[in-house]
Every structure is written in structure tokens, then in C-alpha cells.
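A quick write-up on the structure given underneath.
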Amino acid sequence: MKITLAAPRGFCAGVNMAIDSLDLALKKFGPPVYVYHEIVHNQYVVNRFKEEGAVFVDSISEVPESSVLLFSAHGVSPEVRQAARQRKLNAVDATCPLVTKVHLEAIKYAREGYTIILIGHEGHDEVIGTMGEAPEAILLVEDEGGVDALQVREGAKLAYLTQTTLSVDDANRIIRRLKQRFPHIESPPKEDICYATQNRQEAVRVLSADADVVIVLGSQNSSNSQRLKELARESGKRAFLADGPQDLSKDDFSPDDHVLITAGASAPESVVQSTIDWLVETFDATVQTSVVREESVKFPLPKPLREFAKQQGELPVVGDSN
């Protein structure tokens, strides 16, 4: 068996920032530190933090007054922020800056009287937060059929935004349909799909050509990981989305398979390595890394944690963004 390890893969800058933020908050304030929804969509990461004293909640009402609350990388709506203030919570905002960018675009377009078409997945944390910025002005579409079903008043000013973790190909298809139906629709000054999502999809698109099977390390509720699996299957490859080797079966593979391994933007490198170890042990596999694009993006910590991080001398090591 031959393994090709895709690069880039795994943690993006936004995930690294969010995980560093929760690590530092636990050190600075001590447990429990409450987190609104999962810090990132990865069960390995979430379970690790639960063991260290993080408490993940789905409602602000679950957080005792005056406690420390961290907003996850996916962002939250103004309604959630207001609820946190009312409970006098010490809120630390670990929203990915690329998600914040989409929120600011939604606010701007709404103030200027636009009807905003948001391309995304209903129920995803990021979509809920973005729609909360201007609920009266935003319409959600998930596919081209949703574009065809849109009902907007004649003469309305239209603009579109996208969830940051979408498939680039899917988003482009929906955008093309929007422009066909609404030729004057406005687009954001810079595309919303995050650089890491695009880079990981590009790596799968390029490297899967020579592979028999693709393993995407990531959790089932990770949107960007699901897109990587779908992209591999669209290329005609057998593809699996797994949290680790425990989710894979020896029967899924042939001894002479060429296996491409990648990881979603919230999957830690330790899970990648344990999967490689299992394949090497089971199939005597050899491993090579193929770099499609280099990444060097870093995001600053939330302000309440920056001084503490300096006092610590260095940030905790939580993974890499290969």
C-alpha cells in the first residue's frame, strides 16, 4: 500500500486561534470555562476539552451568571451577545476573522437596503450567526433549486454572501444561477469561502487523481470535512470521512491501494498520525507527503487573552496547519 499525505490539511488559522483561546482561558480563569456550541466541529477536540474542564452549552441560559464564556470559531448572532451581557458573563470572542468578515458584510448590505441571499447550510452554527445579524434582510439558499424558488420583490437591491466552509464548486454553481436569474446582484468585495477550505479542496482535487481511495479525517458535523469527502466521490474515488482509525475497517481497503489522506480544517494532526500508523501496521504501507500549496496565515488571539499569552511566554502547542 502507498499513502499520499495531502498538504495542506488539518487545522486552519481560525481553528488554531480558537483552540489556543480555550487552552489559555482554562489556564487563566480555571475550569469551568463555558463554550457556546462546540469550539470547533471535531469530536476529538471537543472531548479533550471536556476532560480539561470546558463545558459546551447550546443556550446562554445554561451558563451561571458572571461565568467565563467563550464564543466558538463559528461566530454568534447579536442576540446571543446581548443574552451574555444580560447574564453578566465574561465573554471571550474566538470567532474566526473570516466569519466576522461575512457578518460585517451582512450588516453593511442590510443598512444599505439590500436583500441578502446567503448561500449556506440551514442549521449550521455559522449560518445561524450570520443570519442573526440581519434576520429581516437575509434569505438562505442551499442549492440551485433554492435559487429558482426565491421570491423577492420587484426592483429590490440584491447581494449574495456565502458560508465560509462551502464546496467552492457548489458555491460557484449557485452563484452562477443567482447571476443568471438576477443579473444585477451584488457580490462581496472579496469572496467569502475561506482560504483554508479552498486550499484543502484544491489538494484533494489534484492529488486524488492518482489515488484509489481517499480518507478524510474529520467529524460528521464538520461542513468542510463533508465537502472534502463529497469532492473525492465526485472524482469517482472511494472516500471515507472518519474521526480516526477506529471508524475504518480493514475490509474497506485492498493491500495494493493508493490511499490519499487529508484532514478537515478542525481535525488535529494526532488523528492523522494515528490513522497512518494503523495503515502502516495493517498493510505495511509506505508514506509520502505531497504539497499542493503552502500556508502561513495566523490570526491574533482575542484581546482579553493576549496579555496573558505574553506572560506565559509561548502559546500552547495544539497542532499544526500543514
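Could you rank the peptides 293-299, 214-220 by their average count of other C-beta atoms within 10 Å per residue, with the highest value first? Please list the in-between numbers first.
Details: 293-299: 12.9, 214-220: 26.1.
So the peptides 293-299, 214-220, ranked by packing, come out 214-220, 293-299.
Which distance in nm do the two modelled labels at Ser235 and Ser249 give, with both placed 7 Å along the Cα-to-Cβ direction?
About 2.5 nm separates the two model spin labels.
Taking just the alpha carbons, could you work out the radius of gyration and Dmax for the range 98-181, both in angstroms?
11.8, 32
Looking at the chain as a GNM with Cα springs under 10 Å, which of Ala13, Ala263, Ala285 has the largest mean-square fluctuation?
Of Ala13, Ala263, Ala285, the Gaussian network model singles out Ala285 as fluctuating most.
With respect to the cross-link table entries Lys28/Lys190; Lys27/Lys88; Lys229/Lys303; Lys50/Lys88; Lys108/Lys190, which display a Cα-Cα separation exceeding 25 Å?
Where the Cα-Cα span goes over 25 Å, the pairs concerned are Lys28/Lys190; Lys229/Lys303.
Please compute the modelled spin-label separation between Gln311 and Gln151, points set 7 Å along Cα→Cβ, answer in nm with one decimal.
Roughly 5.8 nm, to one decimal.
May I ask you to derive the FRET efficiency for Val57 and Lys298 from their Cβ-Cβ distance with R0 = 41 Å, giving the value to the nearest 0.05?
So, using R0 = 41 Å, E works out to roughly 0.90.
So what are the ³J(HN,Hα) numbers for the range 304-311, from phi and the Karplus equation (6.51, -1.76, 1.60; θ = phi - 60°), rounded to whole Hz, Gly and Pro as x?
x, 10, 5, 5, 4, 4, 4, 5
Cα-based Rg of the range 154-248 per 2.2 N^0.38 Å, rounded to two decimals?
With N residues counted in the range 154-248, Rg over 2.2 N^0.38 Å equals 1.29.
If the elastic network links every pair of Cα atoms under 10 Å, which of Glu230, Glu186, Glu154 fluctuates the most in the Gaussian network model of the chain?
Glu154
Using only Cα atoms, what is the ratio of the radius of gyration of the chain to 2.2 N^0.38 Å?
Relative to the rule-of-thumb radius for its length, the chain sits at 1.04.
Lys310: which aspartates and glutamates have alpha carbons under 19 Å from its alpha carbon, excluding same-chain residues fewer than 8 sequence positions away?
Asp20, Asp23, Asp93
Between Asn221 and Asp256, take the C-beta separation as r, use R0 = 25 Å, and let me know the FRET efficiency to the nearest 0.05.
0.15
For Glu122 paired with Arg176, estimate the spin-label separation in nm (one decimal), with each label point 7 Å from Cα along the Cα-to-Cβ line.
2.5 nm
Which one of Ala149, Ala106, Ala83 has the biggest mean-square fluctuation once the chain is modelled by GNM with Cα springs under 10 Å?
So, out of Ala149, Ala106, Ala83, the one fluctuating most is Ala149.
What is the range 206-291's relative contact order, in percent, from Cα pairs under 8 angstrom and six or more apart in sequence? Mind dumping the intermediate values first?
Working: 120 pairs, mean separation 30.9, N = 86.
Relative contact order for the range 206-291 comes out at 36 percent.
Over the chain, what is the relative contact order in whole percent, taking alpha-carbon pairs under 8 Å and six or more residues apart?
Answer for the chain is 29 percent.
Is it possible to state the helix-based mean residue ellipticity at 222 nm for the chain, with each DSSP H run of 4+ residues giving -39500 (n - 2.57), the sum divided by total residues, to the nearest 500 deg cm²/dmol? What is it?
One gets -12000 deg cm²/dmol as the mean residue ellipticity at 222 nm.
Sequence-distant or interchain residues sharing an amide H contact under 5 Å with Val55, placed H: which?
When sequence neighbours closer than 5 places are left aside, the close amide H contacts are Val33, Tyr34, Val35.
Where a number appears in this text, it was derived from the coordinates with a stated rule and is not lab data. As the structure is a computational prediction, the values presented were derived from the model and not from experiment. When we count neighbours, we look across all protein chains shown, and the Cβ atoms used for this are built from the backbone with ideal geometry, even at glycine.
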